[in-house]
1. Considering only segment 71-90, I want to know if a residue exists there that is away from ligand 1 (no atom under 15 Å from the Cβ), touching a His at 6+ places or on another chain (Cβ under 8 Å), among the polar types (S, T, N, Q) and not in a helix (DSSP H, G or I).
2. Select, from Glu84, Glu71, the only residue that is within 30 Å of Val233 (Cβ to Cβ), assigned by TED's automatic domain parsing to the domain that holds Asp159 and in contact with a Gly (Cβ under 9 Å, 6 or more places away or on another chain).
3. If only one of Val555, Val593 is within 29 Å of Phe483 (Cβ to Cβ), among the β-branched types (Val, Ile, Thr) and in the same structural domain as Arg530 (by TED's automatic domain parsing), which one is it?
4. Can you tell me how many residues within segment 353-369 are of a type in the set (D, E, K, R), without any contact (Cβ under 8 Å) to a residue 60 or more places away in the chain and touching a Lys or Arg at 6+ places or on another chain (Cβ under 8 Å)?
5. Quick check on my filter: what residues within segment 27-57 are outside any loop (DSSP other than H, G, I, E, B), within 16 Å of ligand 2 (Cβ to nearest atom) and either among the aliphatic types (A, V, I, L, M) or farther than 14 Å from Ile217 by Cα (or both)?
6. Please tell me if Thr187 is at pLDDT 95 or above, open to solvent by 10 Å² or more (accessible area, probe 1.4 Å) and within 16 Å of ligand 2 (Cβ to nearest atom).
7. From the list Ser580, Ser551, which one is hydroxyl-bearing (Ser, Thr, Tyr) and under 25 Å from Thr639 (Cβ atoms)?
8. Going by the conditions given, is Asp598 under 26 Å from Ala521 (Cα atoms), open to solvent by 30 Å² or more (accessible area, probe 1.4 Å) and not hydrophobic (A, V, I, L, M, F, W, C)?
Amino acid sequence: MSEAQTKESPTTEGAAAETFKFQAETRQVLHLMIHSLYSNREIFLRELVSNASDALDRLRFAAVKDDSVYEGDHDLRIEIEADEEAGTLTVRDNGIGMARDDVKENIGTIARSGTRAFLDRLSGDEKVDAHLIGQFGVGFYSSFIVADRVTVLTRRAGDPVSSGVRWESDGAGEYSLEPVERETHGTEVILHLKEDARDFLSAWTLRSLVSRYSDHIGFPIRMQEEDEDKGSVWQDVNKASALWTLPKSDISDEEYQSFYKYLTHDLDDAMCWAHNKVEGSQSYTTLLYIPGTAPMDLMLQRDERSGLRLYVKRVFIMDAAQQLLPHYLRFVRGVVDSDDLPLNVSRELLQENELSTKIRSAVIRRSLDLIARVAKDDPEKYQSFWGEFGAVIKEGIVEDFANRDRITPLLRFASTRGEGDQQIVDLAGYVERMPEGQEAIYYITAENYRAAAHSPHLEVFRKKGIEVLLMSDRVDEWMMAYFHEFEGKPFKSVAKGDIDLAALGKAEEQSGESEEAGSEAALDAALLERAKQALGERVSEVRSSQRLTDSASCVVLGDQEMALHLQRLLEQAGQEVPDSRPVLELNPSHALVHRLRDEGDEARFTDLALILFDQALLSEGASLEDPAEFVRRVNTLLT
Ligand code: ADP
Ligand code: MG
C-alpha cells in the first residue's frame, strides 16, 4: 500500500511540521462522519473515552513487565476539560500514549483494515451506521462530527520528553505531524468545537453523557469543578469501579445496560445477561450478555474485537473470544476476570491452560443456561432471539457434542403445525404430539420457508395430519447430517429414502376415510420399468409413491444424499458435487400418471415421462437443464 505522502514547504508551525494526505478510504469515513451522523453526534465522547480507557488498560498491562512506564504517576485517570472561551473540549488520559509511527498508523495516513470494512457495511441509515463506528475501529474519527479541527498531543509512556507528537487535522484531506516536547505521557485530544456543537461545553451535558456511556469503566473520569475554598478541583464524575467487580445487588438494570453499551458500542439494549462470581480453589468472575440484535457480520466471521474481554485481577489482558467461546456462541459478549491466570498469559497458553479450559466450559454452560432461561420465561422474546441467532446456535449441534443436551432444547423450527403464522416449535413439543405408531421425527429442508412449506413431499403427511418440521436455514442440511435422533426418535427427511406410513394410515382407514394416499393399487412394475427406460440416466429408479396425494410426481433422494438445493448451492460456488441420481416417484392416483399408463405411442410416452420428471424438479426449486424443451413438451400435451 503506498503511503500518499506530500512533504510540503515548512508551514508557519515551524520547520519540523509535515503534512500528510489521508488515504481515500479514510477521507470517505471522515466525510461520512461530518455529513451524515448528525443526530447521533454525542457518540464522539463515548468513543474518545473508550480510547482513553483502552490506553490506560494497555499502560497497566505494560507495567506488569516494567513498572517504569508509569513514570511515577500511578493515578490512572481520564480528564475531560471544557474551555468556554477557546471553544475547546479536551479528553486527556495518562495511558500508554503514541509514538510518531503509532500516530501515523493509527489515526493517520493509512486506512486501517476496519476502515474498508466499515465503508462496506454502511447502510445509509444513520442509526445503523452510527452503531458501526465503534465496531470497526473508526471511533477516533467521530471527533469530526462535532469539531472542525482536532489536535492530538501524545507521548508514548517510557519514551523521552522530546519524543512527543502533535497531530492536527480539519478532517478534510490532510493532517500535520510535528514533534513536540511533552512532559507527561499519554494522550490529549483537543476538539475545536463547531459553532453548533457548543452545547458539549456544558458541564451538565458532559456529566450526563459520561454517566450514560461510561459510568462503569474501570478508571475515574474527572472534570473540574469550582470549590468555594480551593478554587478549581478535579472531581470524579463516574463510578470508576469495574462493574463486574461489584456485588450483583448493587447493580441496577440500567447500569448493566450502560456497561453493555460501553463494552460493545451497541446502541440498543442487551437482551439479557448473567453475572457470576466463582470462588474457591479458583476464582473468576464472568459477566455475559446476549445482544438484542445480531451484528451484521455475524454469519460471516468472528471479529476479535467482538467477543469476550479477558481480565486478570482487573487488568485487561486481551480480547479473547476465540479462546473462551466456541464459534457457535460468537454473539455472546462480556467480561471474564480471573484471579488465577498469570498476568503474562498468552493466546497460546490460553488454549492449553487447564484453568482457561475450565473457564471456557463455564462460559459455555452459563451462556446456554442464560438462553434457556429466556426460552422458558419469555417465549415471545425467545422467538425474536431465535430469529437473530438461531441459525448460529444450530452450528453448536455439530460443533459441540459435549453440550448437545443443553443445545437441543434451545432449537426451534417452523412446522406444518403452525403454518401461516410461521409459529416455531421445539423438539420436545413435537415428540409429545406424535401420534401412536409414529416412529420418526419428520423434517424437510429447502431453500426457503415457502419452498419447504409447499413441497409435494408433504402431501401425504398433511393428509394424515402428521407434523413435519420445515427447515430452511442454510445450516440445516449440514446440521441434520450430524443430528440423528432426539429422545430416541430418529430424524427422517420426508424427501429422502422410503417413507412407509401404512401403519399410521390404519386408524383413518378404519374410520371410513376413503381416497387414502397409496390406497390406489400401486403402479405395476412394467409401467415403472418403461418409465425408467424413457428417462434413462436421469433417475436411478421410478417407483410408485406413497408420499403424494395432489401432485403427480416428486423426486426422492437416498438417505445419505445431499438435498438438491444444497447441491445447487455448491455447484454455483464452483464446487464438486457428488454425482447422485434421484428416484422419481409417481402418484398412482393422479390423472397424468393414468394417462402415462395408457399411452401407447412411444414418443408421447417419453415426452410425458420427461414432463413428470421436470415438474418434480421444478417443485423442488431446481432449474431445468433444457427449459425450452420442457415448454415444448407441455405445449404439445396441451394442444
Ligand atoms: P479502535 O479504538 O477501535 O482501535 P479508534 O478509531 O477509536 O479505533 O482508534 C484508533 C487507534 O488509535 C486505536 O486503536 C489506538 O491505537 C489509537 N488511539 C486512539 N486514541 C488513543 C489514546 N487516547 N491513546 C493511545 N492510543 C490511541
Ligand atoms: Mg476506539
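1. Yes, there is a match, as at least one residue in segment 71-90 is away from ligand 1 (no atom under 15 Å from the Cβ), touching a His at 6+ places or on another chain (Cβ under 8 Å), among the polar types (S, T, N, Q) and not in a helix (DSSP H, G or I).
2. On the way: Glu84 fails: in contact with a Gly (Cβ under 9 Å, 6 or more places away or on another chain).
Within the list Glu84, Glu71, the selection yields Glu71.
3. On the way: Val593 fails: within 29 Å of Phe483 (Cβ to Cβ).
Result of the check over Val555, Val593: Val555.
4. Residues of segment 353-369 of a type in the set (D, E, K, R): 354, 358, 360, 365-366, 369.
Of the ones still in play, those that are also without any contact (Cβ under 8 Å) to a residue 60 or more places away in the chain are 354, 360, 365.
When the remaining residues are screened for being touching a Lys or Arg at 6+ places or on another chain (Cβ under 8 Å), the result is 365.
The number of residues fulfilling the criteria is 1.
5. Restricting attention to segment 27-57, the residues satisfying the condition of being outside any loop (DSSP other than H, G, I, E, B) are 27-36, 38-40, 43-57.
Then drop every residue that is not within 16 Å of ligand 2 (Cβ to nearest atom), which leaves 29-30, 33, 40, 43-57.
Selection gives Val29, Leu30, Met33, Asn40, Ile43, Phe44, Leu45, Leu48, Val49, Ala52, Ala55, Leu56.
6. Criteria met by Thr187.
7. On the way: Ser580 fails: under 25 Å from Thr639 (Cβ atoms).
None of the others qualify; the one that does is Ser551.
8. Details: under 26 Å from Ala521 (Cα atoms): yes; open to solvent by 30 Å² or more (accessible area, probe 1.4 Å): yes; not hydrophobic (A, V, I, L, M, F, W, C): yes.
Taking the combined requirement at face value, the residue satisfies it.
The values are calculated or read from the model by the stated rules, or taken from the named source; none is laboratory data. Just so we're clear, the structure is a prediction, and the values are computed from it rather than from any experiment. Don't worry about glycine lacking a Cβ; one is built from the backbone with ideal geometry, like all the others, and counts go over all protein chains shown. Note: accessible area is taken over every heavy atom of the protein model, side chains too, but ligands, DNA and RNA are not part of it. Shrake-Rupley method; radii C 1.70, N 1.55, O 1.52, S 1.80 Å.
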